[in-house]
Every structure is written in structure tokens, then in C-alpha cells.
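Only one structure is covered here, and it is reproduced in the block below.
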């Protein structure tokens, strides 16, 4: 397994046609034998990881049995959210178990937040060079 | 920046043409401000969700204990 994974910022266009560079991280999510390759936004301001509804369904998550009682904030406050644990692999790093707030919102991006993505990985944002680096927390 | 050439051209317009230019610009500004006022910016980040964070942390701890 590699020690550090490095990724480029990705240029994305918003609905108003404005371009911006975003730290979008390619990952492989695994749940109950199903794996999905996708990208998620590194959101240091988010208290929790957020999983959009359709992605949880694609992974085979069972909404009915997922942990209830999660209350999100901001635009997500009006959607019900439940808790789900999903294995996440970043590049060649060892997989980690991430807890997600699985929201019924459909058009929200996959978000990596403080609980618990940033508790599992140290992230270095080298924005001036348009790259970011990720290393497991266990490394010195 | 408005060029001197454009200002000179506007000065040479007759009264009716000047009024049309004023009306066109006023309409455009009003339209742009309406668009801005009606635009909903989607900020999904749950930056203040300590309750959800506590539940997810509890789930991770339960999972860790199950796998010990």
C-alpha cells in the first residue's frame, strides 16, 4: 500500500456557467459486496460525511433499516437523513470505514466531512499548485 | 470602462433616442437584479450538525467494538 495519494483539483462549471476548481476526490465505495467508483467533494466545513440518496440505493443500502435520528443543517435540513457505514478506498491507500449521513436529497454531491473522513485522513490542500494530498492518519 | 467614443455617440443622439437608451438600460438592470433576487444558491455543506456527528461517531464506535 502507498503512503500518500495525490490528486489534481478539478475544474467544474456551476449552473450559471462559472468555472471553479474543486477538490473532488475519486474513491471506491463498498457496501455488502457492491462497489461503486465515484467522486466526492472534500468539505472541511461539513461536520459529517453526506451520502446522496441514489448513491446509497445503488450501493444496496436499506433505507428502512438505516439508523434514524440524524438532523442535518443548511439546505439539507429539510431532508430526512439516516446513518450508514460504508467502506471507502482512496487510491492505493488501505480502505477505511466511513460513517455517512445518508440524505433523501437527490442532487447533493457526495461530501467528505469532519466525521469521519478528516478523522481518518490527513489532507494537505496545495491550492496554488492545484493539487491536494491525502495520507492515512496512522502515518507519523 | 466607458470609452470617450461611446459617450460622444450617446451625446449625439436625439431626445427620443436618448430616452430609448435610458429605458433599455433601466430595464436591463431591473431584470438582472430580479434574477439575482430569485436565485437560490445551493449550499449543501452541513457545517453545523453536531447531533448528526454524534450519532455517526456512536455508530463507528459500535462497529469498532463489534470487530474487536
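Selection over the range A:79-107 of residues that are within 8 Å of chain B (Cβ to nearest Cβ) and crowded, with 24+ Cβ neighbours inside 10 Å gives a count of 4.
Scanning the range B:21-45 for residues that are at pLDDT 80 or above and touching a helix residue (DSSP H, G or I) at 6+ places or on another chain (Cβ under 8 Å) returns B:21, B:44, B:45.
None of A:29, A:24, A:55 is out of contact with any helix residue (DSSP H, G or I) (no Cβ under 6 Å at 6 or more places or on another chain), away from every other protein chain (no Cβ under 12 Å), free of Cβ contacts under 8 Å to residues at least 24 places away in the same chain and surrounded by 13 or more Cβ atoms within 10 Å (Cβ to Cβ) except A:24.
Checking the structure you have, find out if any residue of the range A:68-78 is surrounded by 16 or more Cβ atoms within 10 Å (Cβ to Cβ) and within 15 Å of the chain's Cα centre (by Cα). Checking the range A:68-78: not a single residue is surrounded by 16 or more Cβ atoms within 10 Å (Cβ to Cβ) and within 15 Å of the chain's Cα centre (by Cα).
From B:13, B:56, which residue is part of a loop (DSSP other than H, G, I, E, B) and at pLDDT 90 or above?
On the way: B:56 fails: part of a loop (DSSP other than H, G, I, E, B).
That would be B:13, the only listed residue that is part of a loop (DSSP other than H, G, I, E, B) and at pLDDT 90 or above.
Has the range A:36-43 got at least one residue that is over 26 Å from residue B:49 (Cα atoms) and assigned to a strand (DSSP E or B)? Yes, because at least one residue in the range A:36-43 is over 26 Å from residue B:49 (Cα atoms) and assigned to a strand (DSSP E or B).
The values are calculated or read from the model by the stated rules, or taken from the named source; none is laboratory data. Values in this document were obtained by computation on a predicted structure and should not be read as measured data. Using ideal geometry, Cβ is built from the backbone for each residue, glycine included, and neighbour counts are taken over all protein chains shown.
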